Amino acid sequence: MIGVLFIIVPAAASSAAVYGSTSGFLPERHTDTFNIVYSLPGLSGGLFDRNVDYFTGPSTDVIFIGNDDEFSSLTASAIEQAVWDGRILVISYPATAKFGDSLPVSPGSTVPGNKSLVVTSLNKGIAPEVFSGVNKTFPAPEPVAQRLAGTLKPGAVSLLKFDSGEPALAYRKYGSGFVVEWMLPLPQAYLGTDDADTVTFRTINALLKTVKGSGSPTPTVTTVVPTTVPATPVTTIPTQQVTTHVTGNATIQSSPLGASVFVDGVYQGKTPLKLDGVTTGYHSVRMTMDGYYDFDGSAYVVRDETITVFGSLPAQEKPVIVERTPWPTVAAPSLTTPAPTPAPTQTPSDPIASPAVIAAGIGIVTAGIAAYATIYPHRNKEKKE
């Protein structure tokens with residue numbers, strides 16, 4: 001009789017993808033249970049849009065989103081679909097602005113942070129597992145500038161609340177998955193580094209067990225034949241791994257036609273162009289043509305459907321050469337300044353130059369002539385007599 005030994009091998013670590021922050025979770029402390037397969041920094045929403053497939057793929061178990069909401073609504077919809085299919089989303093304000101039905105809390109206004117966080121209930125949902133041996137009240141050592149107010153949705157469970165009574169940490173089942181929501185950007189501001197990591201890690205771990213349908217990770221059973229049993233030579237046939245890709249189709253048009261098309265940086269042909277078997281999700285699309293400005297955009301390929309991508313390439317303006325008429329040559333002015341013409345010198349004290357004296361002289365001369373004319377005929381008459 002051949003004996004068989006069964007060895008229980010722990011299941012592989014859960015995989016996670018990160019955009020921005022991890023809501024206090026420290027992956028480096030949990031490498032035995034979590035493996036970060038893809039990570040993008042915050043404030044790079046366009047990059048997130050183009051690589052959302054890495055977050056929604058079937059091999060990803062947990063999705064972290066924090067820091068900002070600069071990604072598109074289509075990306076948020078793709079994430080929500082992934083959660084519906086069985087992923088866990090851990091999200092913090094302000095990234096929550098792009099999400100709606102999946103969130104456990106209906107958002108209100110932005111308000112200043114409260115003084116402390118308090119455990120909501122130790123008898124509800126996963127709270128006993130999350131807060132075992134952990135503080136139940138977390139005062140903020142410094143004032144927290146901003147947080148998001150809101151009300152709990154039906155079916156959602158609150159784990160922590162602000163001292164004002166509003167939820168601070170809550171989770172809710174969405175389809176086959178869960179959404180864990182923090183109503184503030186940095187849970188560490190209240191819980192500190194260690195407790196923030198512990199609470200977020202335990203919350204994710206507890207929900208993963210629920211998603212997988214077991215209170216513990218599913219073990220893998222390996223059969224080992226004892227070496228004492230004579231072994232029959234066996235030819236090992238390598239098993240070919242088959243990867244199934246979910247695809248769609250795309251029709252690419254441009255104005256003008258004949259533009260070169262690059263999808264994710266790879267040349268595909270010239271417009272009009274039909275592409276079949278394109279992997280679903282976001283793809284970058286560039287169109288180029290001599291004499292025209294490039295078109296840069298992105299497209300989201302839908303499973304088993306044909307999408308249309310249209311790019312408009314504006315014509316480049318040709319430089320206008322303006323011929324200028326030469327300016328006429330003008331002789332430079334002489335640097336020698338002509339001497340000014342001297343004005344006639346008039347001395348008011350000179351009696352001869354005085355107009356009154358001149359007039360009086362003329363009068364005297366006239367009177368003399370007249371007297372001579374009168375006397376001369378008279379003396380001439382006396383001589384004749």
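The values are calculated or read from the model by the stated rules, or taken from the named source; none is laboratory data. What you are looking at is a predicted structure, and each value in this text was computed from that prediction instead of being measured. In this analysis, Cβ positions are derived from the backbone assuming ideal geometry, glycine residues included, and neighbour counts consider all displayed protein chains.
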Any residue at all in segment 71-80 that's crowded, with 20+ Cβ neighbours inside 10 Å, at pLDDT 95 or above, among the β-branched types (Val, Ile, Thr) and within 17 Å of Leu207 (Cα to Cα)? no
Taking segment 171-182 only, how many residues are touching a Gly at 6+ places or on another chain (Cβ under 9 Å) and not charged (D, E, K, R)? 5
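Can you tell me which residues in segment 20-54 are among the hydrophobic types (A, V, I, L, M, F, W, C) and under 19 Å from the mean Cα position of the chain (by Cα)? Steps first, please.
At the first step, the residues of segment 20-54 found to be among the hydrophobic types (A, V, I, L, M, F, W, C) are 25-26, 34, 36-37, 40, 43, 47-48, 52.
Those that are among the hydrophobic types (A, V, I, L, M, F, W, C) and under 19 Å from the mean Cα position of the chain (by Cα): Leu40, Leu43, Leu47, Phe48, Val52.
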Note on segment 118-131: residues surrounded by fewer than 18 Cβ atoms within 10 Å (Cβ to Cβ) and without any contact (Cβ under 8 Å) to a residue 40 or more places away in the chain are Ser121, Leu122, Asn123, Lys124, Pro128
